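Below is one structure, written out as structure tokens, with a few remarks after it.
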């Protein structure tokens, strides 16, 4: 039908535009976060744009479900507000409309599934590794020329990077220049699986304790980041660890939300014929946001068993699935104020 193709086109166009606007806002917010982290030395300035690129799929995965129900409601509420009697007389009711849009529903679910289970987890893992690497000792070495601003409550390291070692290393404890450690050269070594920095030909100065101590060799323990190994969604499906199950359900939550939210929004939008467009769109948005919050919430609990975690994951989807089904019945519309036959 012509009306079916028109609705499909308008929904796709609105999803793209809303996603673009939301992505711009969220990306700007994340950029400010990375800038603040760069100011305190948690990420190097030259890594900001690379980190933004790596975390972008995660941001898209979060805004995509919002864009879907906002776009569907934005397209359908005015149509049913202005042309409800015509659609009803031509038997183009909510169930028939959803049936005609099955290809679009499957497409939205597929895009969300690929984003949530494949693209977003991989690139987010790479982005987290980049930030963790920027927090290592090697990434914090700075040229020891000119005036260098010190960061409070942190261990500032300055020196020169070479191919295999470091030269003229200076360690300053926060902003307290009354205590520091100097080494003419240094190299990172492995000591029983733990990384240590071997300093050579240096001294330690501690004004508070009146100490100046010279050394030929000194070991400085290093806190190396623990690399989180990326696990594919398929491997998580066959894993037995409860944390793997939590991660699997977390990846599946958004696609299931998109599927149920899409159908619910299409059915609920018909209420605009007797509620009005503004009230219907407002209630529709609030219910979907509540659904999204409750979808994400179970993963923050301290479930001790897989059964408990799966139960807390499923109940919200089953509840909104049931709510979606009852919106198709005229008896529900009559309870909410519908006066049609």
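Values quoted throughout were computed directly from the atomic coordinates according to the rules given, and no laboratory measurement underlies them. These numbers were taken from a predicted model, which means no experiment stands behind them. Please note: Cβ atoms are built from the backbone with ideal geometry, for glycine as well, and neighbour counts cover all protein chains shown.
In this structure, residue 334 and residue 32 have a Cβ-Cβ separation that, at R0 = 41 Å, corresponds to a calculated FRET efficiency of about 0.25. A Förster radius of 51 Å, combined with the Cβ-Cβ distance separating residue 315 from residue 219, puts the computed FRET efficiency at roughly 0.40. Between residue 99 and residue 190, the modelled labels are 6.5 nm apart [label points 7 Å from Cα along Cα→Cβ]. Would you please classify the overall shape of the range 1-62 from the alpha carbon gyration tensor, given that a ≥ b ≥ c denote the square roots of the eigenvalues, rounded means a/c under 1.5, and beyond that prolate means a/b larger than b/c while oblate covers the rest? The shape class here is prolate. When 11, 60, 33 are arranged by Cβ crowding within 10 Å, least crowded first, meaning fewest neighbours, the order is 33, 60, 11. Ordered by the number of other Cβ atoms lying within 10 Å of each residue's own Cβ, fewest first, 238, 34 fall into the sequence 238, 34.
Neighbour counting of Cβ atoms within 10 Å sorts the residues 315, 275, fewest neighbours leading, into 315, 275.
The calculated FRET efficiency for residue 83 paired with residue 294, based on their beta-carbon distance and R0 = 22 Å, is about 0.05. The protection proxy used here, the mean number of other Cβ atoms lying within 10 Å of each residue, ranks peptides 207-214, 247-254, 47-54 as follows, highest first: 247-254, 47-54, 207-214.
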